[in-house]
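Coordinate-derived values only; no laboratory data. What you are looking at is a predicted structure, and each value in this text was computed from that prediction instead of being measured. Note that we place each Cβ from the backbone using ideal geometry, even for glycine, and neighbour counts take in every protein chain shown.
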Amino acid sequence: MKHFRADLHIHTVLSACADLEMSPVNIVNMAKSRNLDLIGITDHNSTLHCNLVKRLADENGLALLLGVEVTTREEVHCLAYFPDRKSLELFQRYLEQHLPKISYHPEQMGYQALVDRDDQIIRLVEEYLNVALDQGIDQVAEEVHKLGGLFVPAHIERPMYGIVNQLGFIPDELNCDGLGIMRQSNESEIRKKYGLSNDTALIKASDAHVLEEIGSGTTIFELKEPTFQEISMALHGIDGRKIIKE
C-alpha cells in the first residue's frame, strides 16, 4: 500500500464562479507543482471539461477522478464521481435533462468557458449552470449509484449549500459514500459536532476556484494505486484501503 495525496474538489473555468485562469492545463500544472497525486474535477452541474483534464493528467502522471458538483432541488451541493467516460456521459445527459434552462449575463455573473489544451475558447455555455436541478438529493444519489458512481455531499458544514444548513440535518437514510468538509475544518470537531462515527469517510478538499487554492485542502488515501475502484474501497474501508488522518 502507498499514500496518495488528493484534492478532489476543483473547479475549471467552466464554472462561472471560477477564475479565468482555471484552465485544464493550468490546473494540471498547478496540481503537479503542489505535489498532488490525485485530483477531482467538479464543475457546477457539468462534466464537459473532465475528458480534456483526464488526457492532460494522464500525460503528466497525475491521477484524476471524473466528477461534478451537483446542486440538488434542495440547493445542497453534492459531489459525484464516475468510474469511466461512459458513465460520465450518461450522467451529463441526466444533468442536461433536469437542469432548468436559464439564460444569464456572463459579464455580471462570470463566464462559463469550454477551452482546448491550448487555452483557446471553444465555446461559451449560454445557459446558467450554477442553479438547482429539478431532482431531490435522494434522486441524484440514486442516479449516481445506478451508474456505478460515488456520491458525496460537499462541504457539509458550509453556511450556504451545505447539507446541514439546507436540510437541518444529515438524513440517516441518505445513501452516500462519504461526506465532504471544508479545507479549514478540523475532522475531529466535525465528527463531534454532527455525531459522525469513525466509519463515515470524510473528504477534505480545496473547493478551488483560483489556481492558488489547489492543494490547500487535501485527503491522504492509503491505496495500492490511485484508481476509482481503490478510492471507492478506501471510502468504505475495504481490504486495508483507507483514509489517513493528517
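When Cα Rg over 2.2 N^0.38 Å is calculated for this entry, the matching label among (1) 1.07; (2) 1.37; (3) 0.94 is (3). Label separation (residue 131 vs residue 73): 1.6 nm, computed from points 7 Å beyond Cα along the C-beta direction.
Legend: ranking of residues 225, 213 from fewest to most surrounding C-beta atoms inside 10 Å; resulting order 225, 213.
Taking label points 7 Å from Cα along the Cα-to-Cβ direction, residue 93 and residue 142 give a separation of 1.9 nm. Percent of C-alpha pairs per 10 Å bin in segment 191-246, short distances first: 22, 44, 31, 4.
Determine the shape class of segment 56-95: with a ≥ b ≥ c the square roots of the Cα gyration tensor eigenvalues, call it rounded for a/c under 1.5, and otherwise prolate if a/b is greater than b/c, oblate otherwise. Oblate, since a/c reaches 1.5 and b/c is not below a/b.
Helices in the chain, meaning DSSP H runs of at least 4 residues, each add -39500 (n - 2.57). Divided by all residues, the mean residue ellipticity at 222 nm is -8000 deg cm²/dmol.
The order of 243, 231, 170, 214, going from fewest to most other C-beta atoms within 10 Å of their C-beta, is 170, 243, 214, 231.
Determine the alpha carbon to alpha carbon distance for each of 54/86; 86/242; 224/245; 86/245 and list only those over 25 Å. Table pairs above 25 Å Cα-Cα are 86/242; 86/245. Ordering 173, 189, 75 by the number of other Cβ atoms within 10 Å of each residue's own Cβ, fewest first, gives 173, 189, 75. Each residue, residue 17 and residue 60, gets one label point 7 Å from its Cα in the Cβ direction; the gap between the two is 2.4 nm.
Distance between the C-alpha centres of segment 210-228 and segment 118-151: 21 Å, rounded to the whole angstrom.
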